[in-house]
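Engineer: Sharing a structure with you now.
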Amino acid sequence: MKRIGILTAGGDTPALNATIHGAVERANELNLEVIGLIKGFNSLYNERLPHVPLNPLFQEIPELDPANGGTILGSSRDYVDPDNKEQLDIIEKRLEQLGIEGLICIGGDGTLNGLQPLADRLPVVLAPKTIDNDLGLNYRSEPDEYIRREREDRSGFDYHLKNSRAAFHLDHMINYVTPGYATAVYVSVQGIQRIRTTAESHRRIAIVEVMGRHSGYIALGSAYGQPDIILVPESSFSLGSLVERIKELYDLQKNVVIVCGEGIVDEDGKDLGAEVHSTDPAGNKILTGASEALRDLLIREIGDEYFRSYRRGQSAREAIFTRKVGHTQRGGRPVLFDRFYGAQSGGKAVDLLLERRTNTVSTIQWQSERGFWVDSQDANGLRDRWGLIHARKMHSSFYDPDQLKPSEIGRDYLKPIFQHALGPDDLEYQRRSTFATGNLMLPYHSVNTDISKRIRYIC
């Protein structure tokens, strides 16, 4: 193999350029040419096939900076149609014209499903990236535990993961963490800490919505920002119990910060954020309004009189506000963890191509005795009996539904990732408190609880 191609597909993450950089560095060591394909799978449909040599004369081009967010190659959510043989023939011919003998696709579960048609024609491997951390398996038998049900209107099928009795251990997770996740959590934590001061100053209840679709990993990691309550998509919540907990906290500290994943569900299993009944190109349900829906429920259940009694405004609508961290989690400079392991993952993908391990995923593994290392996984091992790869849900043991916080094992999951997530050249490196383990253990101590003891009245 003398020349390989590389493309980035799906949603943006901060670790894309770092992964490309790692692949180019490894290719240079092996005297392999690397051709970057512009704008994901979309470029493969273009008759002119836009591309860029990434290592001319085995020198990395200056535009490729692993510390920059985004991707110099562009991205799209276009995928290859497995049933269009004519299209596949054209793509294969165009890659042959470029002399590309193997292809690295950087993406998530949608990209992995999308590259399958090409894997039968040339070596294709996946270097994972996703801020959602939802590519991989909690345990090896997980794909066998999906149930398929036809929709009532016969428009397709819905897939549900049944309650597993499989033994779970952190050491056995496949793809422990995905490049992009650490930076997304870092941005979320910063957002929560900043929103807290507004809630504290104005005696408000803040609902902070983070991304992740139906996977609660980002919400779980947001515990480093010391929110008072965390709601994750994998665990339905009781509205009555939630309101009771909010009032308990507000009575004490006159502010509450709630973090919710965008895919949270109520006790009836209803998606709070699914206001628009549509899907993206990868087939994922579009979630747009979880925080707003939760706010409406709290306004109704808590009521105006509660806040008037505290003289915190005339209505619950004034006292409860929402903020979305949103796409800021996808962009910007990646933290050290994502830069390093993104590059390692890209380098591993090159090795997999040389071994002609088609339809394979480079994975970041972790064991308590060994720490992190980069390995590989046959993509078919991630597929269910119908050949689909599902977004990984956070294991139920990571979350305590009574405390509405990460459980002990959830905290144990987070610690290896974030203990050394920031490097000396990261903005917040000097503030060692950002990912201090104590943040996962201790509740936020509001200044309002102390200052209230100092307040005096005229009579």
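Engineer: Taking amide hydrogens as modeled 1.01 Å from N in the peptide plane, which residues meet the under 5 Å criterion relative to THR363, leaving out close sequence neighbours?
Structural biologist: Residues meeting the criterion, in which the H sits 1.01 Å from N, are ASP375, SER376, GLN377.
Engineer: Right, next: From the Cα gyration tensor of the range 37-100, with a ≥ b ≥ c the square roots of its eigenvalues, which class applies: rounded if a/c is under 1.5, or else prolate if a/b is larger than b/c, or else oblate?
Structural biologist: oblate
Engineer: Can you tell me, using C-alpha contacts under 8 Å and at least 6 residues apart, the relative contact order of the chain as a whole percent?
Structural biologist: About 20 percent, as a whole number.
Engineer: Need the full-extension length gain, THR198 to TYR159, defined as separation in residues times 0.36 nm minus the C-alpha distance. One decimal, nm.
Structural biologist: Full-extension gain reported as 10.0 nm.
Engineer: Report, to the nearest 10°, how far helix 181-202 tilts away from the longest principal axis of the Cα atoms in the chain, using its own Cα long axis and a range of 0 to 90°.
Structural biologist: Long axis of 181-202 versus the principal axis of the chain: about 20 degrees.
Engineer: So what's the angle, to the nearest 10 degrees on a 0 to 90 scale, between helix 239-253 and the longest Cα principal axis of the chain?
Structural biologist: 60 degrees
Engineer: Another question, then. Show me, for the range 356-362, the HN-Hα J-couplings you get by feeding each phi into the Karplus relation (A = 6.51, B = -1.76, C = 1.60, θ = phi - 60°), rounded to Hz, glycine and proline as x.
Structural biologist: Values, residue by residue: 6, 8, 5, 6, 10, 10, 6 Hz.
Engineer: Taking the highest mean first, how do the peptides 183-193, 53-63 order by number of other beta carbon atoms within 10 angstrom per residue?
Structural biologist: 183-193, 53-63
Engineer: Another question about this same structure. Step through the residues of the range 336-352 one at a time and calculate ³J(HN,Hα) from phi using the Karplus curve (6.51 cos²θ - 1.76 cosθ + 1.60, θ = phi - 60°), rounding each to whole Hz and writing x for Gly and Pro.
Structural biologist: Running phi through 6.51 cos²θ - 1.76 cosθ + 1.60 with θ = phi - 60° gives 3, 4, 6, 5, 5, 7, x, 5, 4, 5, x, x, 5, 4, 4, 4, 5 Hz.
Engineer: Return the percentage of antiparallel bridges among DSSP beta bridges fully within the chain, rounded to the nearest 5 %.
Structural biologist: Given both bridge residues lie in the chain, the antiparallel proportion sits at roughly 40 percent.
Engineer: What ranking do 158-166, 18-26, 70-78 get when scored by the average of other Cβ atoms within 10 Å per residue, highest first?
Structural biologist: In decreasing order of mean packing, 158-166, 18-26, 70-78 become 18-26, 70-78, 158-166.
Engineer: In addition: Rounded to the nearest 10 degrees, what's the angle between the helix 109-119 long axis and the longest principal axis of the chain, both from Cα atoms, 0 to 90?
Structural biologist: Its long axis makes an angle of about 10 degrees.
Engineer: Counting only residues 5 or more places away or on other chains, whose amide H sits under 5 Å from the amide H of GLY5 once H atoms are built in the peptide plane?
Structural biologist: ILE35, GLU101, GLY102, LEU103, ILE104
Engineer: At a Förster distance of 25 Å, what's the computed FRET efficiency of ASP425 paired with TRP373, Cβ-Cβ distance as r, to 0.05?
Structural biologist: 0.55
Engineer: Considering just Cα atoms, how many Å³ per residue does the convex hull of the chain enclose?
Structural biologist: Value for the chain: 156 Å³ per residue.
Engineer: Under a 5 Å amide H to amide H cut-off, with H placed in plane at 1.01 Å, what residues pair with LEU161 once short-range neighbours are removed?
Structural biologist: ILE147
Engineer: Between SER241 and GLU92, what is the label-point separation in nm under the 7 Å Cα-to-beta-carbon projection?
Structural biologist: Here the answer is 5.5 nm between the modelled labels.
Read-outs: derived from the displayed coordinates by stated rules, not from any lab. Treat the numbers as computed from the prediction; the structure is a model and nothing was measured. Cβ atoms come from the backbone with ideal geometry, glycine included; neighbour counts cover every protein chain shown.
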